[in-house]
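The values are calculated or read from the model by the stated rules, or taken from the named source; none is laboratory data. None of the values given here were measured: they were computed from a predicted structure. When we count neighbours, we look across all protein chains shown, and the Cβ atoms used for this are built from the backbone with ideal geometry, even at glycine.
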Amino acid sequence: MNKSIFWRAACLLLATAPMLSQAQDQPSTTSATSTSSAKLFRGTSDYKTWSIGINGGILAPVAATGGSNDFTKWKGSAGYGAYVKYQILHFMALRADYVGGKLQADNSKNWGNGKVPVSPYKSYETKLPWSASLNAVFNITTVNWLFRENFVQLYASVGGGIAGYKPTLEENDGSKFDYSKDNKAIKELIIPVGAGLKFRLSEFVNLDLGYTMNFLDGDNLDGYHHGPNKDKYSYGYAGLEFALGKKGKKQLQWHNPAKEMYDELEAQKTTLAASLDAANQNNARLAADVDKLTKDSDGDGVSDFFDKCPGTPANTKVDGSGCPLPVPVIEKKEEKVVITEEDTRIVKEAIQNLEFDFAKASIKPHSFPALDRVADLLKRKNLNLKLSGHTDNVGSKTRNLALSRERAESVKTYLVEKGVNASKIEAVGYGMTQPIASNKTAAGRQKNRRVEFTIF
């Protein structure tokens, strides 16, 4: 097998990798219901992306761009095939193909320059039990500004694969022999290049007409080494493609993003224009009402419409009716909070007994008695409490940060339900950023999954 063709095929497939990565990184969304059309730019989950196809047609040892092989007259033979396809984007898919059949030709015709063929062989027949390839398929006509969805599209494909075949040659004296050793199939690299037309018959079925040229990395498809060119063969076919997925979902390959974007923008423009017209009709009445309600002649912060004490001197504090407030005499008392060892023990016991359901913020019931004692302490001494949630490093940073905050909030909610003033409790989450033990061991990770209590 010629290694240069192998590397060219590898480079071709690698060139599609960036597009595959972008397709996979798109965020997924909730699937559209059967009564509504899929929305634009919301990932592939709203569409049918998988399909299978079966086809039949003609196999020939000739290619439209590369001529025939080492015999002068090629013959068409029945071929058959099947494929599985995954639509990555509106215009691009990956397709795994299988093709089988046979190829045949003879030397009953002169060469194109009029020369009589000089060959030890009269004809050949090559059985093609199988060929398998992976192809990138590009839809060339995916945008149609006249219709929301296309019903016919032109596509092209290119890829790489392996063909297994068994040539049988007939010599000029009529004797035949098998070219392959022990009747085992010869395996060579193929580069399939094709094009076709596809017609949408329904949401589930498409008619597929195509032609594929297969360039072989070898000169033994006909069992006759007669260089310098390598052998090739082609497959013209007609078949049916069946889209897989839930009823009501549309096929991604037929979706027209440009037309849908235009329609959505037009609908938004119409809605916005109607809203502006309605707003303009009410502007005059609204302006008068606003002036009446907001006019404040004495500047005390209460509009004239509600002011029961007009003409209040500037900088005078007033109540809701615009009348001056009495000046209260406030005696400031300072309370000294003393946190005892017993208080610390109650908090420490609550921390040790606090457990949550796995990967959730719900508190297990056996933790409630210890939390009840903390709630009684906070109410009795009017203490402040800071709840700090922490996690280990299992999972994403974003999810761990959210989970630590949710668990701290869960403890706060429980204490507030027990009568603690919510303003006295602060709940924060630090995720995996403040470990107190190594995350490399189960015991260390267990210590890091905690909610710390700080009273003051």
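What are the residues in segment 233-289 that are within 30 Å of residue 48 (Cβ to Cβ), out of contact with any Gly (no Cβ under 6 Å at 6 or more places or on another chain) and among the acidic types (Asp, Glu), if any? Correct list: 260, 263, 264, 266.
Would you say residue 224 is in a strand (DSSP E or B), more than 26 Å from the chain's Cα centre (by Cα) and in the same structural domain as residue 135 (by TED's automatic domain parsing)? When the stated conditions are applied, residue 224 does not pass them.
Checked against the criterion of being of a type outside the set (S, T, N, Q) and without any contact (Cβ under 8 Å) to a residue 60 or more places away in the chain, the candidates 86, 124 yield just one match: 86.
Where strands (runs of 3 or more DSSP E) sit wholly within segment 131-218, those with at least 2 residues that are in contact (Cβ under 8 Å) with a residue 40 or more places away in the chain, in the same structural domain as residue 90 (by TED's automatic domain parsing) and over 18 Å from residue 238 (Cα atoms) occupy 152-171, 186-200, 205-216. Quick one: would you say residue 403 is touching a Gly at 6+ places or on another chain (Cβ under 8 Å) and within 25 Å of residue 442 (Cα to Cα)? Criteria met by residue 403. None of 412, 317, 379 is modelled with pLDDT under 85 and charged (D, E, K, R) except 317. Just for segment 83-117: of the residues that are at pLDDT 95 or above and of a type in the set (D, E, K, R), which one is surrounded by the fewest Cβ atoms within 10 Å (Cβ to Cβ)? Checked segment 83-117; the qualifying residue surrounded by the fewest Cβ atoms within 10 Å (Cβ to Cβ) is 102.
Each row is one residue, and each column tells you yes or no for (1) in contact with a strand residue (DSSP E or B) (Cβ under 8 Å, 6 or more places away or on another chain); (2) free of Cβ contacts under 8 Å to residues at least 40 places away in the same chain.
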site: 346; (1), (2): no, yes
site: 354; (1), (2): yes, no
site: 366; (1), (2): no, yes
site: 381; (1), (2): no, no
site: 386; (1), (2): yes, no
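Residue 300 meets the conditions (1) farther than 30 Å from residue 198 by Cβ; (2) surrounded by 13 or more Cβ atoms within 10 Å (Cβ to Cβ); (3) out of contact with any strand residue (DSSP E or B) (no Cβ under 6 Å at 6 or more places or on another chain) in every case but one. The failed one is (3).
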